[in-house]
1. If we sort 312-322, 127-137 on the protection proxy, mean other Cβ atoms within 10 Å, highest first, what's the order?
2. Quick one, what does Rg over Rh come out to for segment 275-315 if you take C-alpha atoms and the Kirkwood Rh?
3. How far apart, in nm, are the 7 Å Cα→Cβ label points at residue 17 and residue 311?
4. Quick one: what are the phi-derived ³J(HN,Hα) couplings along segment 188-197, Karplus 6.51/-1.76/1.60 with θ = phi - 60°, whole Hz, x for glycine and proline?
5. Let me know the Kirkwood hydrodynamic radius for segment 1-41, please, with Cα pairs as the basis and the value in Å to one decimal.
6. What is the local net charge at residue 169, summed over the other residues whose Cβ is closer than 12 Å to its Cβ (Lys, Arg +1; Asp, Glu -1)?
7. Once segment 26-174 is represented by equal point scatterers at the alpha-carbon sites, with solvent omitted, what log10 I(q)/I(0) does the Debye formula produce at q = 0.10, 0.20, 0.21 Å⁻¹?
8. Report the chymotrypsin sites (Phe, Trp or Tyr not before Pro) located in segment 123-215 that are in a DSSP loop and have at most 15 other Cβ atoms inside 10 Å of their Cβ, or state none.
Amino acid sequence: MELRYGLNPQQQPASAEPVTPGAWPLRVLNGAPSYLNLLDALAGWRLVRETAEALGRPVAASFKHVSPAGVALAGPVDGPTAAFYGFDPAGGISGPLASAYVRARDADPKASYGDFAAVSHPVDAELAALLARVVCDGIVAPGFEAGTVAALSTKKRGRFLVLEADPAHVPPALEHRELYGLRLTQARDDVLLTPALLADVVCGEQPLPAAAAEDLLLGLAVVRHSRSNAVCCVRDGMTLGIGAGQQSRVDCVKLAGAKAATWWLRRHPAVQAMEFGAAVRRQERVGWQVRVAEGDLTRHERARLAEALTVPGTEPTAEQRREWAARLTGLAFASDGALPLRDNVDHAARYGVRWIAEPGGSLRSAEVAEACREHGITLVRTGLRLLQH
């Protein structure tokens, strides 16, 4: 398969071919993929396929630069979010795939701008119509209902990527990577994510509540397919914050927590009350919600926001932010590697984390456990490292 270009336009030629001749994991139904498009599509498909198998529910992921911006199981969508994406707030979203993708994309809508979508089940008309309304570069799915490929093929002036994954495809047992004249080989990580991984409860609730166990397994699947270091905050079957790719794990914890806090502050009454002019596009509106929730608008941004609003808006005060943030609770937290120091737990506790799953095995794992006891956090040791590079 000839690709448009490699990671950058100057990296030409670029191509893709199956390791086993004829055994393609996916096929192109519309558009011309780039190297990065295929990386996002393959990573997204592996994530949603694995998660759906582990949890038995439809899953959607929003991928950017080979890490998920958001992942979610099918589930309820609140009224403001449904309205924002063009659905009836009262009637909600009828299909599981559309609900999963809305929940995934809403986790970090700023990062999901121009994403690559991945879903675990065949695309239906409702999801196709939703994709037509958002800025998205392509989708990978195990199938497409009648008419959906034709509908999606009109997006982006015919350049929208539509990729069909083969659910029966079994990748080779060995993975290879060539870099600077060196070929690296390793066994494929095919350990299944099952509830058995959550059996070692070091401290806290025993047994784990079913909802917490589901959220922890979803979190483990997310970090497994994110660039390490990776941690993830999950609640009610959707990611609220993902921190990945930082050299320090505690920086990933802070990043994931800040994203979860932003998600929550976007629901503050003052943020939801902002009324925008008709000329302000959907992505601009959510961008302003995010910036107000983050609380560090520049002077230039404040002037632009005032122009975008039909009536003057009022930002939450510092005290209102603290009071609102304290209401965010019940988060599950997963880490792809051992938490090396207790500061990871101390920061996670600030953002309402109640359950943690991590491999264990660090030199200061006892201190990590003690921090969990102090904060009333349930700690689960999986014994399974899930690094991805």
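Every number here is computed from the coordinates shown, using simple stated rules; none is lab data. Being a predicted model, the structure only gives us computed values, none of them experimental. Cβ sites come from the backbone with ideal geometry, for glycine too, and all protein chains shown count toward neighbours.
1. 127-137, 312-322
2. Dividing the radius of gyration by the Kirkwood radius yields 0.91.
3. Between residue 17 and residue 311, the label points sit 6.5 nm apart.
4. These are the phi-based 3J(HN,Hα) values: 5, 7, 10, 5, 6, 8, 10, x, 4, 5 Hz.
5. Hydrodynamic radius (Kirkwood, Cα only) of segment 1-41 equals 10.8 Å.
6. Values: positive: 27, 46, 49; negative: 164, 166.
Result for the local shell: +1.
7. Debye intensities relative to I(0), on a log10 scale: -0.30, -1.25, -1.39.
8. On the way: sites: 144, 160, 180; in loops: 160, 180.
Within segment 123-215, the qualifying chymotrypsin sites (Phe, Trp or Tyr not before Pro) (loop, at most 15 other Cβ atoms within 10 Å) are 180.
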